[in-house]
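What follows is a single structure, written as structure tokens, with notes after it.
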Amino acid sequence: MKAPQWRELKAKHIRAGRQKVQGVVLHDTAGSGTHNDTLYLVNPGDGRIVSVDFTVERDGSIWKLNPNLSQFFCLHAGRATKFKGLINSQVTRATIGIEICQHVKLSLSPAYTTAQVKSVAQLCAWLTGEFKLTTSDITTHRQIITDGSRSDPRQFPFEGGGGFWSYYWQALGKGKEHAVSEVMAKTPDLEKPKLTHNVAAGDTLSKIAKKYYGKASLWPRIQKANALKGTVIIPGQVLVIPQKS
Ligand SMILES: [Zn+2]
């Protein structure tokens, strides 16, 4: 398919050494929700070393900040991330990041405009073809974070009519063949909020496993999901409780 229209600006913090693109990671900026978020990612005024391949603004405009997607990578998901066996900085080397402009307090209404959702979907549809990806290669910062510290893109509408996936299939000319229910079956985790447990004094992994699964012996499941080296947990720590085995 034809590439969607975009405008270009060059991010300050791009890096050489791109690895084969294996996925797309969606984020929200948690900034002002305006063009200023794009400008921040071009050249962060506070000195943070971050960048992203694309931004999508509320009017649907797409900004390409990486001048060569096959040659350079951007620094959008390099900390506490895991995707397809890649970890941390390997993730950014092998993924394309899209920051969807959004206010830090989600105070805009609607949270995402139709033009914005459509542009994100069209961009992802094009990237899918360009880099020989599948729908399961389109992921979110929330899904690949290992320490629970990110939940973006917050409230982004994936499902339903007017959702990301409906526009995605439309962009690929396959809208009719993909009923929404079918699409939902393919992306079961995308919008499910993660179940978490706040560690209290006296908690052990076994106790927590007993509480959520009814079986203390299932504690390794929690250990694994949180990438814990041993079994030590600290009061106040937030643990992800996986809902599937
Ligand atoms: Zn993010």
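The values are calculated or read from the model by the stated rules, or taken from the named source; none is laboratory data. Given the structure is predicted, the values throughout are model-derived calculations rather than measurements. Every residue, glycine as well, gets a Cβ built from its backbone with ideal geometry; the counts of neighbours run over all protein chains shown. When the accessible area is computed, the model is the full protein with side chains, heavy atoms only, and any ligands, DNA or RNA have been set aside. Shrake-Rupley method; radii C 1.70, N 1.55, O 1.52, S 1.80 Å.
Values for this structure:
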item: Candidates S109, S119, filtered to the one that is without any contact (Cβ under 8 Å) to a residue 24 or more places away in the chain and either over 30 Å from K229 (Cα atoms) or charged (D, E, K, R) (or both); result: S109
item: Count of region 139-167 residues which are open to solvent by 10 Å² or more (accessible area, probe 1.4 Å), closer than 17 Å to Q116 by Cα, in contact with a helix residue (DSSP H, G or I) (Cβ under 9 Å, 6 or more places away or on another chain) and within 16 Å of the ligand (Cβ to nearest atom); result: 2
item: Filtered residues of region 70-94 (kept if within 11 Å of I145 (Cβ to Cβ), open to solvent by 20 Å² or more (accessible area, probe 1.4 Å) and outside any loop (DSSP other than H, G, I, E, B)); result: K82
item: Count - residues of region 59-87 that are more than 16 Å from I100 (Cβ to Cβ) and aliphatic (A, V, I, L, M); result: 5
item: Region 207-245: number of residues that are assigned to a helix (DSSP H, G or I), in contact with a Leu (Cβ under 9 Å, 6 or more places away or on another chain) and open to solvent by less than 60 Å² (accessible area, probe 1.4 Å); result: 7
item: Boolean, T134 is among the β-branched types (V, I, T) and either touching a residue at least 12 places away in the same chain (Cβ under 8 Å) or within 16 Å of the ligand (Cβ to nearest atom) (or both); result: no
item: Enumeration of residues in region 35-81 that are without any contact (Cβ under 8 Å) to a residue 40 or more places away in the chain, within 30 Å of V240 (Cβ to Cβ) and not basic (K, R); result: Y40, P44, D46, I49, V50, G78
item: Odd one out for D59 among (1) under 14 Å from the mean Cα position of the chain (by Cα); (2) open to solvent by 70 Å² or more (accessible area, probe 1.4 Å); result: (1)
item: Whichever residue in region 5-53 is open to solvent by 80 Å² or more (accessible area, probe 1.4 Å) and within 15 Å of the ligand (Cβ to nearest atom) and, among such residues, is farthest from T92 (Cα to Cα); result: R48
item: Filter pass, K105 being part of a strand (DSSP E or B) and either within 16 Å of the ligand (Cβ to nearest atom) or surrounded by fewer than 24 Cβ atoms within 10 Å (Cβ to Cβ) (or both); result: no
item: Failed condition for K64, given (1) within 18 Å of the chain's Cα centre (by Cα); (2) within 18 Å of P157 (Cβ to Cβ); (3) away from the ligand (no atom under 16 Å from the Cβ); result: (2)
